[in-house]
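The values are calculated or read from the model by the stated rules, or taken from the named source; none is laboratory data. Everything numeric in this text was worked out from a predicted model, so none of it was measured. As a convention, Cβ positions derive from the backbone with ideal geometry for all residues, glycine included, and neighbour counts pool all protein chains shown.
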Amino acid sequence: MTTTADSATVTATADDLTTELTGWLAANWDPELTVEEWWDRLGRSGWATPTWPVEWYGKGLSRADGVRVQQAITAFGALGAPGGLGTLLAGPTITVHGTDEQRERYLLDIVTGRKAWCQLFSEPGAGSDLAGLNTRAELDGDEWIVNGQKVWTSGGHWSDLGMLLARTDPDVPKHQGITYFAFDMHQPGVEVRPLRELTGRAMFNEVFLTDVRVPADAAIGGINNGWAVANTTLMFERSGLGAGGGGGSVSALPGTVGGDLPRRAGDLLRVRDLVDGGAASPISVTNLAALARANGTLDDPNVRQTLAQLYSMNEIARYTNLRQRALAREGREIAGLGNIAKLSMSRILRMSRDLCGRILGPYATLHAYDAGEQEALVAATGGGARPGITESMLFAQAPQIYGGTDEIQHNIIGERVLGLPKEPSADKGKPFRELPKNG
Ligand SMILES: Cc1cc2nc3c(=O)[nH]c(=O)nc-3n(C[C@H](O)[C@H](O)[C@H](O)COP(=O)(O)OP(=O)(O)OC[C@H]3O[C@@H](n4cnc5c(N)ncnc54)[C@H](O)[C@@H]3O)c2cc1C
């Protein structure tokens, strides 16, 4: 039986786990390897994705143990596992819904970082109402021909493959006619256009798909069953985000386009702050306290009070997470806890941003977008301006939008957990083709 990557199947004692991992690292880590060589060893060993099933490049560990593994790899001084949406979303989804043949085809390239993935879900008229998506796929022999537009595609410009949602039957209600495909981004008809964000970076994109092709055997989870498969991906997204992503040792990019595969592994080591459960955010509570201590604002009662509040909220989130894992081990759950975890994480980030603004004072309003400008700004303000920190402050607005907005999380809790009346819906049961469309 295949276990989901999210379910806790094995919980090792911390000592056993660390001893086994450290032994393996001592025998295998070598900074002279290329990233590709190192990730090949790490991925095949199961230590890159330890929460995945044992039979599919994992060790069947709980998420808490998975975070411990990442932290132990960093502490050892080795390069962490490939990051990105392949290991976070595509791989776990394929372990649940893929056929064995599809697992063979896709998973090894994910755990070894050879291929990078993006998520082709949102469209200009379909974000919160994802099931209203318009991108269509029409069967032509043993291939589907896809036309449409996606938007907010994080990492679309460096991805080899995409998790694509497309409408395969417009004659049934909107949730029932969607299929989930593993989609090859390197083909004619795929146009990726960058979108610049508040932070100055262009992390996400618009993706235009014109007469592009997907083989029939790249449909994950069956034709017209894409809504269920997409919900599995979203569940992994929410639980990953609510747990703070769990990242502690990721420090290189996967994939054939912008990936770090040919580089020397030792050159990519970036030892990250292990305090704060592995959070590397410049606006983590630990870093904010250090910042306040350094610039003398720690005596401000408002700063102290908010620091204490943030610390408490982080601890509550951590204990809630532990409680959820403990229940999962017994096959039980508290409905809505994943949604609450995501809401709590996005609130903590916004509070951290606001506190950081109070600590930095007017310097928090100064930001620069490229390395040259940043240096000039830091020099001109005598170190007062902190572009590395203001970037995190600007990004703090994002988590309440991606992975399902805060309002949508509230709706889910209200309707599915508390049993409140559902929002009125005029499109229930109507074929997608007959629904009024935007624009
Ligand atoms: C940093 C970032 C990265 C992203 N990366 C990706 C990616 O890689 N792939 C991808 O597919 N998408 C990605 N997204 C898109 C994200 O999933 C959508 O932005 C999100 O689902 C919201 O959709 P929307 O932007 O269309 O807003 P809308 O759905 O138009 O919502 C607008 C506002 O209306 C509110 N609203 C909408 N419906 C309801 C309702 N029923 N009840 C109450 N309030 C409602 C929303 O909460 C929001 O405040 C990313 C977004 C961000 C910010």
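Of the listed requirements (1) out of contact with any helix residue (DSSP H, G or I) (no Cβ under 8 Å at 6 or more places or on another chain); (2) modelled with pLDDT under 95; (3) not aromatic (Phe, Trp, Tyr), residue 125 misses just one: (1).
For every residue, the table says whether it meets (1) near the ligand (Cβ under 10 Å from one of its atoms); (2) part of a strand (DSSP E or B); (3) surrounded by fewer than 24 Cβ atoms within 10 Å (Cβ to Cβ).
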| residue | (1), (2), (3) |
| --- | --- |
| 103 | no, no, yes |
| 110 | no, no, no |
| 114 | no, no, yes |
| 118 | yes, yes, no |
| 128 | yes, no, yes |
| 131 | no, no, yes |
| 139 | no, yes, yes |
| 150 | yes, yes, no |
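Taking each residue of the range 104-130 that is within 15 Å of residue 58 (Cβ to Cβ) and looking for partners that are in a helix (DSSP H, G or I) and away from the ligand (no atom under 16 Å from the Cβ) with beta-carbon atoms closer than 6 Å, six or more apart or interchain, yields 106/94; 107/56; 111/43; 112/39; 112/40; 112/43. Screening residue 36 against (1) crowded, with 17+ Cβ neighbours inside 10 Å; (2) touching a Lys or Arg at 6+ places or on another chain (Cβ under 9 Å); (3) not in a helix (DSSP H, G or I) leaves a single unmet condition, (3).
Residues in the range 152-179 that are surrounded by 23 or more Cβ atoms within 10 Å (Cβ to Cβ), outside any loop (DSSP other than H, G, I, E, B) and within 12 Å of the ligand (Cβ to nearest atom): 153, 156, 162, 163, 164, 165.
Find the residue count for the range 197-207, including only residues that are more than 13 Å from residue 156 (Cα to Cα) and not hydrophobic (A, V, I, L, M, F, W, C). The number of residues fulfilling the criteria is 4.
Residues in the range 288-326 that are farther than 23 Å from residue 410 by Cα and either without any contact (Cβ under 8 Å) to a residue 24 or more places away in the chain or loosely packed, with under 12 Cβ neighbours inside 10 Å (or both): how many?
Of the residues in that region, 13 qualify.
Scanning the range 52-79 for residues that are assigned to a loop (DSSP other than H, G, I, E, B) and under 15 Å from residue 18 (Cα atoms) gives 59, 62, 77, 78. Taking the numbered list (1) hydrophobic (A, V, I, L, M, F, W, C); (2) within 18 Å of residue 408 (Cβ to Cβ); (3) under 17 Å from the mean Cα position of the chain (by Cα) in turn, residue 117 passes all entries but (2).
Note on the range 81-101: among residues that are of a type in the set (S, T, N, Q) and more than 16 Å from the ligand (Cβ to nearest atom), the one that is nearest to the chain's Cα centre (by Cα) is 95.
Looking at the range 378-388, can you tell me whether even one residue there is basic (Lys, Arg) and surrounded by 18 or more Cβ atoms within 10 Å (Cβ to Cβ)?
yes
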